[in-house]
Amino acid sequence: MRLNLGCGGRKFPDWTNVDKFATCSPDQVVDLEQFPWPWPDDAVSEVRMYHVLEHLGAQTEIYLGIIKELYRVCRDNAAIHIIVPHPRHDDFLNDPTHVRVVTPASFGLLSQANNHKWLTTGMANTPLGLYLKVDFALETVSYALEDPWDKLFEQKKLTLADLQHAVRLYNNVIKQFDFVVRTIKPAGRTIAAATPQIIEATLASSSAALDARMEPSAPPSENA
Ligand SMILES: C[S@@+](CC[C@H](N)C(=O)[O-])C[C@H]1O[C@@H](n2cnc3c(N)ncnc32)[C@H](O)[C@@H]1O
């Protein structure tokens, strides 16, 4: 099964086109912020999320729930193709329904290989893949440059170093990120080294706290 999540008007034949709004006539009406998603474990070979993730999960717990569901429904090595606006492009800033920044690097936090490396080297990055029990590998990343940066780069009037410098200094240099991540199942499969004690200790204390935050809240009592 292949899912085009948050399809809007951009539908693909032979894909299951999914949206929260029936108005755009999706194949399936699903609110991706409600859990569980209506697909079984390991059922999905490919996902497209084009200009969708930045609209989801204003609350961090909801966003992390989306990441966990995405992982659950995908089979091993499923390709997830994501396009999101660059957070320092006006396209991102001008839409009030954009509720969060999503970058390829944010998916780096969901790689258990990265998480193990950081824990063993004492780096402060959140080992989110280990906490959420998910594992994603970033496969490709490309950047769509805004005019005139694209032309200047094509005409070789800018080097890659110039461009990297410009991205740090200015808004509206990169229009959008376009990247592919793959699911690794079971989580941690690609990590060859045995789990060091430090990782176990860190996880025991902090993943329990995170799990507690991810639990759905109790329904309000009638007397409330
Ligand atoms: C900017 S549009 C992108 C549409 C299409 N993917 C494209 O690239 O043209 C974002 C889409 O995400 C959908 N969406 C937003 N929140 C959603 C949710 N919670 N569940 C499912 N779809 C959602 C919107 O209805 C809208 O169609």
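A straight line joining the Cα centroids of segment 125-157 and segment 58-94 runs 13 Å.
When the Gaussian network model of the chain links Cα atoms closer than 10 Å, the mean-square fluctuations of ARG189, ARG72, ARG168 top out at ARG168.
Note on LYS151: aspartates and glutamates with a C-alpha under 18 Å away, same-chain residues under 8 apart excluded, are ASP162. The mean sequence distance of close C-alpha pairs (under 8 Å, at least 6 residues apart), as a share of the length of the chain, puts its relative contact order at 19 percent. Ordering HIS55, HIS81, HIS86 by the number of other Cβ atoms within 10 Å of each residue's own Cβ, fewest first, gives HIS81, HIS55, HIS86. Put in line by how crowded their Cβ is, counting other Cβ atoms within 10 Å and starting with the fewest, THR60, THR16 read THR60, THR16. Give me the percent relative contact order of segment 1-125, please, defined on Cα pairs under 8 angstrom at least 6 residues apart. The value is 21 percent. In the neighborhood of ALA144, defined by Cβ-to-Cβ distances under 11 Å, what is the net charge if each Lys or Arg adds +1 and each Asp or Glu adds -1? Net of charged neighbours comes to -4.
Contact order, relative form, for segment 67-198: 38 percent (alpha carbon pairs under 8 Å, 6 or more residues apart, mean separation divided by residue count). In this simple spin-label model, placing a label point 7 Å from the Cα along the Cα-to-Cβ direction at both ASP31 and THR140 gives a separation of 3.6 nm.
As a footprinting exposure proxy, order ILE191, ILE174 by other Cβ within 10 Å, with the fewest listed first.
The order, fewest Cβ neighbours first, is ILE191, ILE174.
Remark: C-alpha extents of the chain on the principal axes read 59, 50, 40 Å, sorted largest to smallest.
Where a number appears in this text, it was derived from the coordinates with a stated rule and is not lab data. Just so it is clear, the model here is predicted, and its values are computed rather than measured. Here Cβ is always computed from backbone atoms with ideal geometry, including for glycine, and neighbour counts include all displayed protein chains.
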